[in-house]
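Visitor: Attaching a single structure in structure tokens format; questions to follow.
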Amino acid sequence: MRILVVEDEPALGAAVAERVRQAGHVADWVATLADARAAFKAFTYDFVLLDLGLRDGNGRVFLREIRARKTSAAVMITTAMDQIRDRIGGLSDGADDYLVKPFDLNELIARIDAVARRYVALPINTIRRGDTEIDLARRCVSYAGNAIDLTAREWAVVELLARRPGAICSKEQIEDALYGLGEVVESNAIEVFVSRIRKKIGSNAIRTLRGRGYALAGSSEDV
């Protein structure tokens, strides 16, 4: 997932963004509402971690803007505001969860995963393609019955394709799922990741549709 971290405490913002990346997601960290709005216009986010007491306003304003756009992004409020009225207000504005500071980073990841599962459109969390099995809930892949060790970005590619069965993911869509703001993307980076994944889970696991992108083998778009 691509996650927007809106947090104006430098140490906490950096720690949250890094832990989110360790969990296999792309994290863009901003410290103001203005930067959050700019990021939201530039990219499509799956998840937003939103502080409320920001230097240029209250995060609930941004939350209401997100919900007014009818986007599918999940939103978790992360704040020191711990009064019941604050929680009720945030949830009423459309937040999916509310986590009070200070919080454990591992609990944060567990909550992100729990909220994200409610947004998954797939009726099942396990996908089988030949000898390859992809478990979206446990975030793991096996091939011919053996667990496969994927890097965070290799998993991100597999997960993106698995969550869009029957669809083609363009190179640009995959780049957005792998790289955050300011990261340099090599011209052949996606081809390299796909090649590495094929070596681990089978050469036919991911199909290349020339000029269009990539899809899981066995999807309706295979040619």
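The values are calculated or read from the model by the stated rules, or taken from the named source; none is laboratory data. From a predicted model like this one, the values you see are computed outputs, not experimental measurements. Here the Cβ is made from the backbone with ideal geometry for all residues, glycine too, and neighbour counts use every protein chain on show. Ligands, DNA and RNA are stripped out before the accessible areas are found, and what is left, the full protein with its side chains, is counted by its heavy atoms. Shrake-Rupley method; radii C 1.70, N 1.55, O 1.52, S 1.80 Å.
Visitor: Going through region 15-79, which chymotrypsin sites (Phe, Trp or Tyr not before Pro) have at most 13 other Cβ atoms within 10 Å and a DSSP loop state?
Guide: Passing both the DSSP loop test and the Cβ count: no residue.
Visitor: Which one of Thr151, Thr79, Thr44 has the biggest mean-square fluctuation once the chain is modelled by GNM with Cα springs under 10 Å?
Guide: Most flexible of the set in this elastic network: Thr151.
Visitor: Let me ask you something else. Report in % the part of the accessible area of the chain that belongs to carbon and sulfur, leaving out ligands and nucleic acids; probe 1.4 Å.
Guide: Details: 5470 of 11100 Å².
The nonpolar share, carbon plus sulfur, comes to 49 percent.
Visitor: Could you work out how far helix 189-201 tilts from the main Cα principal axis of the chain, as a 0 to 90 degree angle to the nearest 10?
Guide: The answer is roughly 60 degrees.
Visitor: Which one, Glu186, Glu18, Glu154, has the greatest fluctuation when you compute a Gaussian network model over the chain with C-alpha springs under 10 angstrom?
Guide: Of Glu186, Glu18, Glu154, the Gaussian network model singles out Glu186 as fluctuating most.
Visitor: Next question. Using Cα atoms only, what is the angle between the long axis of helix 105-119 and the major principal axis of the chain, expressed in degrees (0 to 90) to the nearest 10?
Guide: Between the helix axis and the principal axis of the chain, the angle is about 70 degrees.
Visitor: Relative to the Cα centre, what is the charge dipole magnitude of region 2-119, using +1 at the beta carbon of each Lys and Arg, -1 at the beta carbon of each Asp and Glu, and rounding to the nearest 20 debye? Show your work: numbers first, answer last.
Guide: Numbers: 17 positive and 18 negative charges, 102 e Å.
Its charge dipole is roughly 500 debye.
Visitor: In bins 5 Å wide, starting from 0, what share of all Cα pairs of region 147-187 does each bin hold, as a percent?
Guide: Using 5 Å bins, I get a P(r) of 5, 20, 30, 24, 14, 6, 1 for region 147-187.
Visitor: Now, a different point. Setting aside same-chain residues fewer than 8 positions from Lys101, which aspartates and glutamates have a Cα under 19 Å from its Cα?
Guide: Glu7, Asp8, Glu9, Glu18, Asp51, Asp82, Asp86, Asp113
Visitor: Tilt of helix 152-162 relative to the longest C-alpha principal axis of the chain, in degrees (0 to 90, nearest 10)?
Guide: It is inclined by approximately 80 degrees.
Visitor: Loop sites only, by DSSP: take the trypsin sites (Lys or Arg not before Pro) in the chain that have at most 13 other C-beta atoms within 10 Å and name the longest stretch containing none of them. Let's see the in-between values first.
Guide: Values: sites that count: Arg55, Arg69, Lys70, Arg138, Arg210, Arg212.
It works out to 139-209.
Visitor: Still on this model: Which aspartates and glutamates, if any, have their Cα less than 16 Å from the Cα of Lys200, not counting same-chain residues under 8 positions apart?
Guide: Counting by Cα, and skipping residues close in sequence, Lys200 has these aspartates and glutamates nearby: Asp131, Glu133, Asp135, Asp149, Glu154, Glu159, Glu191.
Visitor: Write down Rg/Rh for region 126-216, rounded to two decimals, with Rg from the C-alpha atoms and Rh from the Kirkwood relation over Cα pairs. Please report the intermediate quantities before stating the final value.
Guide: Details: Rg = 12.6 Å, Rh = 13.3 Å.
We get a ratio of 0.94 for region 126-216.
Visitor: Principal axis extents for the chain, Cα atoms only, whole Å, descending order, please.
Guide: Principal-axis extents of the Cα atoms in the chain, largest first: 53, 33, 31 Å.
Visitor: Measure of size requested: the Rg and Dmax of region 83-163, with Cα atoms as the atom set and Å as the unit; please supply both.
Guide: Rg, Dmax (Cα atoms, Å): 16.6, 52.
Visitor: Further, regarding this structure: If I take the Cα coordinates of region 35-103 and project them onto the principal axes, what are the three extents in Å, biggest first?
Guide: Answer, in whole Å and largest first: 33, 23, 20 Å.
Visitor: Now for a different question. What is the P(r) of region 2-119, as percent of Cα-Cα pairs per 10 Å bin from 0?
Guide: So the P(r) values, bin by bin, are 14, 53, 32, 1.
Visitor: Keeping every protein chain present and rolling a 1.4 Å probe, give me the accessible area per residue for the chain in Å².
Guide: 50 Å²
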